[in-house]
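As structure tokens, the structure follows; a few thoughts come after it.
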Amino acid sequence: MTSLARHKQVFGHSAPLFYDEPIELVGGEGVWLFDSDGRRYLDAYNNVPCVGHANPRVVAAVSAQMATLQVHSRYVHGLVVDYAERLAALHLEPLASLVFACSGTEADEVAMTMARLATGKRGFITSEAAYHGNNTDVGRLSDIGGRSAAGKPIDPEVRGVPLPDGSRRFVDGVADAIGSLEEAGIGVAAVLMCSILANEGLPPLAAGEMAEVVELVHAAGGLMIADEVQAGFARSGCWWGYEYSGFEPDIAVMGKPMGAGIPFSGVVAPVELVDRFRSSTRYFNTFAATPVQAAAGMAVIDVIEDEGLLGQIPRVGDHLAAGLREMGVTDRLGEVRNVGLFVGADWLDHDGGPDGEGARAIVNAARQAGVLIGLDGPHGRVLKLRPP
């Protein structure tokens, strides 16, 4: 029995796997991945190993700490405190206090709870094409547009904002969503948005538009939560996507690249919000805020700073996007957008409309050619390049 057949048997036949012909990976180094047949793939998709697969500094830090001490989070450990202070210092004031978790879903749930406690309201606003997580609470805010189109119910405490289409600004949709929640007597606890609208396909927003969103939600008595799970840790050429997009959040959520493969996420917020959350809940996460996580997190920051990645990322991302634009092999490749080293390229049908099926075929063809990319955006028609 093949590894794929065994995988389906033990994890279920519908367990998600990339590509029509899934890849059995056995190794990785830098920007390269290797399969069980010895074939090498250029990884242009995975942002979890943000400083490269098997980065030697991360490996050394994690190995040394694991060989010394790894315990749960209800002990004081100097490295964990050092890391928390260093991470908080990378954010804008007054984001100075942290809650650690192990996944973006968990961190978003913590942020949502903070917002409810701070405002006394229960409504949340996000984009129609967002993905923020998959548990019961956070999952309500994911793929609202897709669920609506399929006739599936939308949670009454959630509103989805359509992406800008050239005739209407994104912020106008946010204003409508605020009005709808207030009219329903629910009120707005928070707007929860990816800082660069990553899963939405990096749609262009007008300069200052996200700052206008913050003004609107504050006027309604709500908070702004920046989801930095994809945008954070220098992906945009800034430490945080909210810096790139020009707004100041009340809460920021971090994840994916935070531990370069070690499950690690976090929420950073003003001290008073974190204190209220801590005193109002029994939140505890066995595997969060551990010494091994802190060792991985420290190594990630070290590599980004010591190797000057903040300066390199815009240059490399612009070069990648320009190369795609210059390909011009067919009229099917539409607009190519990039935010630092995060590229979204529209794939179109022969009439110029979105072509999700064609985009999927391109992703699978790239895999056969030895390049790993993904999909994003409404209809799954945006080719997604997000390399280490």
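Nothing in this text is a laboratory measurement; each read-out follows from the coordinates by a stated rule. This is a predicted model, so every value here is computed, not measured. Methodologically, a virtual Cβ is constructed for each residue, glycine included, from the backbone with ideal geometry; neighbour enumeration extends over all protein chains shown.
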Exercise. Report the extension gain between GLU326 and VAL26 in nm, rounded to one decimal, defined as 0.36 nm multiplied by the number of residues separating them, less their alpha carbon distance.
Key: 104.6 nm
Quiz item: What are the chymotrypsin sites (Phe, Trp or Tyr not before Pro) within the stretch 266-348 that DSSP puts in a loop, where the Cβ has at most 11 other Cβ atoms within 10 Å?
Solution: PHE284
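With +1 on the Cβ of every Lys and Arg and -1 on the Cβ of every Asp and Glu, and nothing else charged, how large is the dipole of the stretch 254-329 about its Cα centre, in debye rounded to the nearest 20? Walk me through the numbers before you get to the answer.
Details: 6 positive and 8 negative charges, 88 e Å.
So the dipole magnitude of the stretch 254-329 works out to roughly 420 debye.
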Exercise. Give, as ranges by residue number, the residues of the stretch 100-114 whose backbone N falls under 20 Å from the point 7 Å along Cα→Cβ of ARG147.
Key: 104-114
Quiz item: What size of dipole, in debye to the nearest 20, comes out for the stretch 1-56 about its Cα centre when the only charges are +1 on Lys and Arg C-beta atoms and -1 on Asp and Glu C-beta atoms?
Solution: 140
Quiz item: For the chain, what is the relative contact order in percent, using Cα pairs closer than 8 Å and at least 6 residues apart in sequence?
Solution: 22
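With r as the distance between the Cβ atoms of GLU305 and ASN135 and R0 = 30 Å, compute the FRET efficiency 1/(1 + (r/R0)^6) and round to 0.05.
Details: r = 33 Å, r/R0 = 1.12.
Calculated transfer efficiency: 0.35.
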Practice problem: Calculate the spin-label point distance for THR286 paired with ASP35, positioning each point 7 Å from the Cα along the beta-carbon direction, and give it in nanometres. | Solution: 3.6
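Give me the mean projected area, in nm² to one decimal, of the convex hull enclosing the Cα positions of the stretch 57-306. Intermediate values should be presented prior to the final figure.
Numbers: hull surface 53.6 nm².
For the stretch 57-306, the mean projected area of the Cα convex hull comes to 13.4 nm².
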Self-check item: Candidates ASN135, ASN338, ASN285: whichever shows maximal mean-square fluctuation once the chain is modelled as a Gaussian network with Cα springs under 10 Å
Solution: ASN135
Quiz item: In the stretch 51-120, what trypsin sites (Lys or Arg not before Pro) fall in a loop by DSSP, with at most 14 other Cβ atoms inside 10 Å?
Solution: ARG74
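Note down the relative contact order for the stretch 242-287 as a percent, whole number, built from C-alpha pairs under 8 angstrom at least six residues apart. Present the calculation step by step, with values, prior to reporting the outcome.
Working: 26 pairs, mean separation 12.6, N = 46.
Computed over the stretch 242-287, the figure is 27 percent.
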Self-check item: Sites HIS319 and VAL76 - FRET efficiency at Förster radius 41 Å, r taken between beta-carbons, to 0.05
Solution: 0.35
Quiz item: For LYS8, which lysines qualify as cross-link partners when the Cα separation must be under 29 Å and same-chain residues fewer than eight apart are set aside?
Solution: LYS152, LYS256, LYS384
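Among DSSP beta bridges lying fully in the chain, give the percent that are antiparallel, nearest 5. Don't skip to the answer; put the middle values down first.
Working: 28 of 45 bridges.
Roughly 60 percent of the DSSP beta bridges within the chain come out antiparallel.
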Quiz item: When the chain is fully extended, how far beyond the present Cα-Cα distance does MET66 get from GLU157, taking 0.36 nm per residue of separation?
Solution: 28.4 nm
Quiz item: Among SER167, SER73, SER180, whose mean-square fluctuation peaks in a Gaussian network model of the chain (Cα, cutoff 10 Å)?
Solution: SER167
Self-check item: For the chain, size of Cβ-based charge dipole, Lys and Arg +1, Asp and Glu -1, in debye
Solution: 980
Exercise. Give me the aspartates and glutamates in straight-line cross-link reach of LYS121: C-alpha distance below 14 Å, same-chain residues under 8 apart excluded.
Key: GLU157, GLU182, GLU183
Exercise. Identify the residues of the stretch 23-49 with backbone N under 13 Å of a label point that sits 7 angstrom from the Cα of VAL10 along the Cα-to-Cβ direction, or state none.
Key: none
Self-check item: In order through the stretch 45-54: 3J(HN,Hα) via Karplus (6.51 cos²θ - 1.76 cosθ + 1.60), integer Hz, x for Gly, Pro
Solution: 10, 7, 9, 4, x, 4, 9, x, 4, 6
Quiz item: Considering the dipole of the chain built from charges on the beta carbon (Lys and Arg +1, Asp and Glu -1) around the Cα centre, which of ALA234, LEU348, ASN47 is farthest to its positive end?
Solution: ASN47
Exercise. Could you check which residue among GLU212, GLU335, GLU183 shows the biggest mean-square fluctuation in a GNM of the chain with a 10 Å Cα cutoff?
Key: GLU183
